[in-house]
Amino acid sequence: MFLKEYISDVYNGVSSLLKGMRKTGYYFTHPKEIITEQYPDNRATLVMAERFKGEVVMPHDQNNEHACTGCTACELACPNGTIKVVTKFDITPEGKKKKAVDALVYRLELCTMCNLCVIACPSDAIKMAPNFEHSVFDRSKLTKILNKTGSKIREGIE
Amino acid sequence: MFSLEGITSTIQDWLFFKFNPTLALAIECVIVILLAIALFAALGLILVLMERKVAARIQIRLGPNRVGPGGIFQTAADTLKLIMKEGLTPDKADKFLFNLAPFIVMMVAMLLLAPIAFAKNFQIWDINIGVLYISAISSLSVIGILMAGWASNNKYSLLGAMRSGAQIVSYELSAGFAVLTIVVLTGSLQISEIVAAQQNGWWIFKGHIPAIIAFVLYIIAVTAETNRAPFDLAEAESELTAGFHTEYSGMKFALFFLAEYINIFIVCAIGATLFLGGWMPLHIGNWQGFNHIMDFIPSSIWFMGKTFFLIFLIMWFRWTFPRLRVDQLLNLEWKYLLPISLFNLLLVAVIAILGWHF
């Protein structure tokens with residue numbers, strides 16, 4: 001009985017080691033499996049994953065219109081004060097005052113890419129972009145205003 | 001046809017023709033020393049690069065690829081860096097032993113080079129107890145390692161050295177038994193005779209299953225003896241920073257590093273000699289045509305090919321298996337490898353006496 005256990009121990013040990021060697025041997029003989037990105041060289045063809053979170057951006061359409069209502073939900077959701085929404089009051093054609101965004105100030109150097117602002121946004125005005133080349137020589141360049149100058153809110157978004 | 005034998009005999013004839021025998025012998029010694037050092041340097045560069053490339057491929061990476069085409073000058077650049085670095089000696093270290101240790105480790109590696117047959121009739125010293133000499137000398141390297149660990153005055157170094165000592169002492173046994181199986185089959189300790197006995201087939205084929213078991217045991221045991229993963233407890237990076245060579249820097253560190261790779265080369269060369277026929281080409285029974293074609297490949301290429309195949313195997317182990325704990329290490333040796341190798345030796349003795357091998 002002891003001998004049987006002993007032999008099965010040896011057999012199981014060797015076969016599990018061989019299983020591992022088979023896997024690594026497969027990788028060794030299949031160079032196409034190599035996943036290394038040679039980054040600065042392949043910059044033109046670099047494909048970032050869809051889920052990659054590099055910075056917060058506000059998409060604008062061709063009429064320079066965005067979807068931000070200036071509700072400050074993102075500012076409230078942000079755990080470390082990265083976003084500051086400066087609001088203003090637009091006068092609508094009917095003569096009523098309406099709250100709108102003046103500047104959505106985004107400070108990249110404070111951002112942890114936690115995605116909470118994007119989740120909080122009720123009108124999907126902001127999203128995460130896959131850019132990652134953020135280095136600049138001046139720290140003040142990391143403070144960005146996300147809405148473009150002269151942009152306005154798209155029709156029909158409340 | 002290219003052969004190293006021709007070159008050496010030409011040089012010897014010329015030396016003995018030009019000078020008196022004593023001087024000629026002295027000059028030959030100098031040439032051998034220079035060749036050994038050149039081989040060491042070249043092997044160090046090639047094996048480190050090979051290791052890094054193999055590791056990269058196994059881990060789905062690219063490995064060094066910036067210095068020179070495909071990164072082939074990477075190790076040369078590393079060596080240059082190490083030469084230019086300062087060789088520090090810790091303040092409270094035993095200065096003499098500390099500085100002596102890397103040279104002892106290196107010297108042991110150099111001594112082991114003597115009986116290895118690199119090609120047909122191309123051997124530094126064809127001693128009649130070659131195999132015994134190798135097992136005797138190879139266990140000396142533990143002295144250098146213990147010396148380094150003790151003299152460093154560092155707990156990590158000492159722990160690493162002690163582990164290495166325990167490991168080499170235990171695994172020497174099964175390596176010795178694996179070597180003995182071939183000695184039993186051949187009936188000689190001389191390297192050249194062991195190679196000559198494999199004229200009509202390598203021992204791994206001729207010796208049936210016991211020879212294969214002995215080969216596997218040998219590979220496991222020498223992996224442990226050279227302190228390589230999965231038996232690299234002596235320098236386990238995650239626990240002991242670098243084990244016995246934690247305190248070494250610059251060229252002295254490079255010597256330890258080089259000695260490790262030279263030791264791998266040597267144990268693989270011995271493995272190739274014992275089990276895979278050394279420089280003997282692959283011969284299959286009575287296939288005259290096939291055997292003749294195989295004879296056309298120079299014997300040095302056969303030897304290097306087999307040795308590098310074994311080196312690749314050991315590198316493959318290193319990048320596949322996780323490190324053993326020290327109790328698992330000793331369990332493996334004393335509970336599994338040693339009984340199996342003893343039983344295997346008995347089996348081989350029966351086979352050799354009854355003449356069951358080819």
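Within segment B:75-105, work out how many residues are open to solvent by less than 20 Å² (accessible area, probe 1.4 Å) and in contact (Cβ under 8 Å) with a residue 40 or more places away in the chain.
5
Being open to solvent by less than 40 Å² (accessible area, probe 1.4 Å) and on the phi > 0 side of the Ramachandran plot is the filter here; which residues of segment B:178-208 pass it?
B:Gly201
Among the residues of segment B:236-251, which ones are part of a helix (DSSP H, G or I), touching a Gly at 6+ places or on another chain (Cβ under 7 Å) and surrounded by fewer than 24 Cβ atoms within 10 Å (Cβ to Cβ)?
Passing the criteria: B:Leu240, B:Gly250, B:Met251.
Contact list please: Cβ distance under 9 Å, first residue in segment B:32-57 and in contact (Cβ under 8 Å) with a residue 60 or more places away in the chain, second residue open to solvent by 60 Å² or more (accessible area, probe 1.4 Å) and of a type in the set (D, E, K, R), pairs at least six apart or on different chains.
Note: pairs meeting the criteria are B:Ala55/B:Arg61.
Scan segment B:1-42 for residues that are within 22 Å of B:Ile297 (Cα to Cα) and not charged (D, E, K, R) and jot them down.
B:Met1, B:Phe2, B:Ser3, B:Leu4, B:Gly6, B:Ile7, B:Thr8, B:Ser9, B:Thr10, B:Leu39
Would you say A:Glu50 is more than 14 Å from every other protein chain (Cβ to nearest Cβ) and touching a residue at least 60 places away in the same chain (Cβ under 8 Å)?
Criteria met by A:Glu50.
Go through segment A:73-104 residue by residue and tally those that are outside any strand (DSSP E or B), of a type outside the set (Lys, Arg) and at pLDDT below 85.
4
I'd like the full set of residues that are without any contact (Cβ under 8 Å) to a residue 60 or more places away in the chain and part of a loop (DSSP other than H, G, I, E, B), limited to segment B:189-225.
Answer for segment B:189-225, where residues must be without any contact (Cβ under 8 Å) to a residue 60 or more places away in the chain and part of a loop (DSSP other than H, G, I, E, B): just B:Ala197.
Out of all the residues in segment B:253-266, which are farther than 13 Å from B:Ala101 by Cβ and open to solvent by less than 20 Å² (accessible area, probe 1.4 Å)?
Of everything in segment B:253-266, those that are farther than 13 Å from B:Ala101 by Cβ and open to solvent by less than 20 Å² (accessible area, probe 1.4 Å) turn out to be B:Ala254, B:Tyr261, B:Ile262, B:Ile264, B:Phe265, B:Ile266.
What number of residues within segment B:125-167 satisfy the criterion of being surrounded by 20 or more Cβ atoms within 10 Å (Cβ to Cβ) and under 14 Å from the mean Cα position of the chain (by Cα)?
4
Taking B:Ile72 as the residue in question, decide whether it is farther than 30 Å from B:Trp319 by Cβ, open to solvent by 40 Å² or more (accessible area, probe 1.4 Å) and not hydroxyl-bearing (Ser, Thr, Tyr).
no
If I filter segment B:58-75 for residues that are within 14 Å of another protein chain (Cβ to nearest Cβ), closer than 18 Å to B:Phe265 by Cβ and not charged (D, E, K, R), do I get at least one hit?
Checked against the condition, which is being within 14 Å of another protein chain (Cβ to nearest Cβ), closer than 18 Å to B:Phe265 by Cβ and not charged (D, E, K, R), segment B:58-75 yields no hits at all.
Does A:Gly54 satisfy being under 30 Å from B:Pro64 (Cβ atoms) and in contact with a strand residue (DSSP E or B) (Cβ under 7 Å, 6 or more places away or on another chain)?
It is true that A:Gly54 is under 30 Å from B:Pro64 (Cβ atoms) and in contact with a strand residue (DSSP E or B) (Cβ under 7 Å, 6 or more places away or on another chain).
How many residues does segment A:33-55 hold that are open to solvent by 100 Å² or more (accessible area, probe 1.4 Å) and not β-branched (Val, Ile, Thr)?
Residues flagged as open to solvent by 100 Å² or more (accessible area, probe 1.4 Å) and not β-branched (Val, Ile, Thr) within segment A:33-55 amount to 6.
Identify all residues within segment B:268-299 that are assigned to a helix (DSSP H, G or I) and buried (at least 18 other Cβ atoms within 10 Å of the Cβ); write none if there are none.
B:Cys268, B:Ala269, B:Ile270, B:Gly271, B:Ala272, B:Thr273, B:Leu274, B:Phe275, B:Ser299
How many of the residues making up segment B:320-341 are surrounded by fewer than 20 Cβ atoms within 10 Å (Cβ to Cβ), at the interface with chain A (Cβ under 10 Å from one of its Cβ atoms) and touching a helix residue (DSSP H, G or I) at 6+ places or on another chain (Cβ under 8 Å)?
3
May I ask you to verify whether B:Phe122 is open to solvent by 40 Å² or more (accessible area, probe 1.4 Å), at pLDDT 85 or above and of a type in the set (Phe, Trp, Tyr)?
Taking the combined requirement at face value, the residue does not satisfy it.
Could you go through segment B:261-282 and let me know if any residue there is touching a strand residue (DSSP E or B) at 6+ places or on another chain (Cβ under 9 Å) and of a type in the set (Val, Ile, Thr).
yes
Do we find that B:Trp302 is more than 14 Å from chain A (Cβ to nearest Cβ), assigned to a loop (DSSP other than H, G, I, E, B) and out of contact with any Asp or Glu (no Cβ under 6 Å at 6 or more places or on another chain) in this structure?
no
List pairs: first in segment A:16-35 and facing chain B (nearest Cβ under 7 Å), second surrounded by fewer than 15 Cβ atoms within 10 Å (Cβ to Cβ), Cβ under 6 Å, 6+ apart or cross-chain?
Within 6 Å, the pairs are A:Tyr27/A:Glu33.
Are there any pairs with C-beta distances below 8 angstrom linking a residue in segment B:344-357 that is within 12 Å of B:His208 (Cα to Cα) and in contact (Cβ under 8 Å) with a residue 40 or more places away in the chain to a residue that is among the small types (Gly, Ala, Ser) and not in a helix (DSSP H, G or I), with the two at least 6 apart or on different chains, and if so which?
Filtered contacts from segment B:344-357: B:Val348/B:Gly207; B:Ile351/B:Gly207; B:Ala352/B:Gly187; B:His357/B:Gly207.
Here is a yes/no grid of residues against (1) under 19 Å from B:Val105 (Cβ atoms); (2) hydrophobic (A, V, I, L, M, F, W, C); (3) in a helix (DSSP H, G or I):
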position	(1), (2), (3)
B:Gln12	no, no, yes
B:Leu15	no, yes, yes
B:Ala38	no, yes, yes
B:Ala41	yes, yes, yes
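If you check A:Met1, A:Met58, A:Met21, which single one turns out to be surrounded by 16 or more Cβ atoms within 10 Å (Cβ to Cβ), over 22 Å from the mean Cα position of the chain (by Cα) and not small (Gly, Ala, Ser)?
None of the others qualify; the one that does is A:Met21.
The values are calculated or read from the model by the stated rules, or taken from the named source; none is laboratory data. Worth saying up front: this structure is predicted, and the values here are computed from it rather than measured. Reconstructed Cβ throughout: ideal geometry from the backbone, glycine too, with neighbour counts over all protein chains shown. All accessible areas refer to the heavy atoms of the entire protein, side chains included, with ligands and DNA or RNA removed. Shrake-Rupley method; radii C 1.70, N 1.55, O 1.52, S 1.80 Å.
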